[in-house]
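Notes to accompany the following structure.
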Amino acid sequence: MSRSARLDPANPSDGGPQPPSTGPDSPLGRAVWRLRSRGCWEDAAALLEPYAHELPQAAVGRAALLVERCMYTGEGWAPAEDALRVAEAAAQVDDDRGAAACERGQLAYAATVLGVRDRTDEARAALGRAAALLEPGAPGRALLDYRRGLLAENLSETPEAARAAYRRAHAGATSRGDGLLCSSTFRHLAGIAAREGELAEARHGFAESLRLREELGFLVGMAPALVSLADVEPEPDATRLREEAGRLHRLLGGVPTWLTSQLPEAETGTETEPGSNG
């Protein structure tokens with residue numbers, strides 16, 4: 001689907017335009033997912049752009065896509081900032097404000113872990129603001145818990161706090177049927193287990209993360225999952241998994257960019273994904 005493609009809203013009985021549903025099971029939501037899952041974040045965001053000023057959920061969704069692009073490619077910071085400002089201006093209730101704050105925290109986190117600029121304080125402040133706005137049962141709470149786990153693990157270096165946050169996120173994602181978030185919580189809990197020498201637990205978590213991404217068709221997130229599983233598998237399985245990851249990585253044009261050093265063409269490492277929703 002090209003950048004110019006869009007889904008026209010249906011006309012209600014009064015003849016005026018009716019903004020479409022942006023939910024994951026709507027035609028628009030499915031179109032966005034197909035593009036996002038293949039790393040076409042700009043095209044996916046373009047589908048939501050016509051509705052971003054009138055629908056807070058569309059505005060947050062568009063910002064989230066562009067923030068995820070930054071994490072996977074290390075590019076596109078200015079468009080992501082612009083989209084966040086639109087989402088913050090469009091927010092009308094605390095859930096919308098909290099979701100926008102959560103995305104701002106993730107963008108600041110991405111800039112920090114990718115070495116663009118140290119925005120640790122901004123990330124903590126934004127996620128703290130999101131925590132104050134989102135009720136415990138709010139739809140965005142599990143994602144917020146996951147991202148607070150990323151901060152604890154990678155910026156504060158407090159693995160126990162990270163593990164607790166990931167477990168809360170996993171429980172919330174499971175209860176809502178959010179398979180993609182479950183794949184990320186499985187992945188990061190497994191990463192902590194691997195660093196503590198609990199290889200059986202790590203293998204299980206990494207395998208579950210990969211399984212979920214395969215089932216969902218989240219192509220852009222499969223190579224990182226394959227590499228993580230390879231890091232805890234014996235030979236010859238480890239080499240086979242890395243070779244498969246390398247093929248996928250090349251197919252997607254070298255995305256995610258931070259994975260390159262872990263693939264067969266270069267020295268492999270044991271780093272975990274620096275923290276997307278994917």
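The values are calculated or read from the model by the stated rules, or taken from the named source; none is laboratory data. Please read all numbers here as calculations on a predicted model, not as lab measurements. Neighbour counts are summed over all protein chains in view; Cβ atoms, including those assigned to glycine, are modelled from backbone coordinates with ideal geometry. These area figures cover heavy atoms from the full protein model, side chains too; ligands, DNA and RNA do not enter into them. Shrake-Rupley method; radii C 1.70, N 1.55, O 1.52, S 1.80 Å.
Could you look through the stretch 66-84, keep only residues that are over 15 Å from the mean Cα position of the chain (by Cα) and of a type in the set (Asp, Glu), and pick out the one that is most open to solvent (accessible area, probe 1.4 Å)? Before the answer, list the steps.
Within the stretch 66-84, the first condition is being over 15 Å from the mean Cα position of the chain (by Cα), and the residues that meet it are 75-79, 81-84.
Subsequent filtering for residues that are of a type in the set (Asp, Glu) retains 75, 81-82.
Values: 75: 105, 81: 36, 82: 77 Å².
Checked the stretch 66-84; the qualifying residue most open to solvent (accessible area, probe 1.4 Å) is 75.
Give the number of residues within the stretch 127-154 that are of a type outside the set (Asp, Glu) and under 22 Å from residue 202 (Cα atoms). Before you say what the answer is, go through the steps one by one.
Step one: of the stretch 127-154, the residues of a type outside the set (Asp, Glu) are 127-134, 136-144, 146-152, 154.
Pick out the ones that are also under 22 Å from residue 202 (Cα atoms) and you get 142-143, 146-152, 154.
Qualifying residue count for the region: 10.
Reported count of residues in the stretch 208-230, each being of a type in the set (Gly, Ala, Ser) and open to solvent by 10 Å² or more (accessible area, probe 1.4 Å), is 1. For the stretch 138-157, a tally of residues being open to solvent by 60 Å² or more (accessible area, probe 1.4 Å) and out of contact with any helix residue (DSSP H, G or I) (no Cβ under 6 Å at 6 or more places or on another chain) returns 2. Tell me which residues, restricted to the stretch 26-54, are without any contact (Cβ under 8 Å) to a residue 24 or more places away in the chain and either within 23 Å of residue 112 (Cβ to Cβ) or in a helix (DSSP H, G or I) (or both). Matches in the stretch 26-54: 27, 28, 29, 30, 33, 44, 49.
Taking the stretch 99-124 as the range and being without any contact (Cβ under 8 Å) to a residue 12 or more places away in the chain and of a type outside the set (Lys, Arg) as the test, the residues that pass are 115, 118, 121. As a summary of the residue check, residue 261 satisfies the conditions (1) small (Gly, Ala, Ser); (2) closer than 20 Å to residue 149 by Cα; (3) modelled with pLDDT under 95 except for the one numbered (2).
For residue 57, indicate whether it is open to solvent by 30 Å² or more (accessible area, probe 1.4 Å), in contact with an Asp or Glu (Cβ under 8 Å, 6 or more places away or on another chain) and either touching a residue at least 60 places away in the same chain (Cβ under 8 Å) or not basic (Lys, Arg) (or both). For residue 57, the condition - open to solvent by 30 Å² or more (accessible area, probe 1.4 Å), in contact with an Asp or Glu (Cβ under 8 Å, 6 or more places away or on another chain) and either touching a residue at least 60 places away in the same chain (Cβ under 8 Å) or not basic (Lys, Arg) (or both) - is met.
Taking each residue of the stretch 159-182 that is farther than 13 Å from residue 138 by Cβ and touching a residue at least 60 places away in the same chain (Cβ under 8 Å) and looking for partners that are polar (S, T, N, Q) and outside any helix (DSSP H, G or I) with beta-carbon atoms closer than 7 Å, six or more apart or interchain, yields 180/277; 181/277.
Per-residue answers, yes or no, for (1) part of a helix (DSSP H, G or I); (2) modelled with pLDDT under 95; (3) touching a Pro at 6+ places or on another chain (Cβ under 6 Å):
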residue: 66; (1), (2), (3): yes, no, yes
residue: 69; (1), (2), (3): yes, no, no
residue: 75; (1), (2), (3): no, no, no
residue: 78; (1), (2), (3): yes, no, no
residue: 82; (1), (2), (3): yes, no, no
residue: 86; (1), (2), (3): yes, no, no
residue: 89; (1), (2), (3): yes, no, no
residue: 100; (1), (2), (3): yes, no, no
residue: 105; (1), (2), (3): yes, no, no
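Hey, could you check the stretch 231-242 for residues that are in contact with a helix residue (DSSP H, G or I) (Cβ under 9 Å, 6 or more places away or on another chain) and open to solvent by 20 Å² or more (accessible area, probe 1.4 Å) and say which is nearest to residue 189 (Cα to Cα)? Result: 231.
Screening 128, 197, 115, 137 for residues that are more than 16 Å from the chain's Cα centre (by Cα), over 24 Å from residue 222 (Cβ atoms) and modelled with pLDDT under 95 leaves exactly one candidate, 137.
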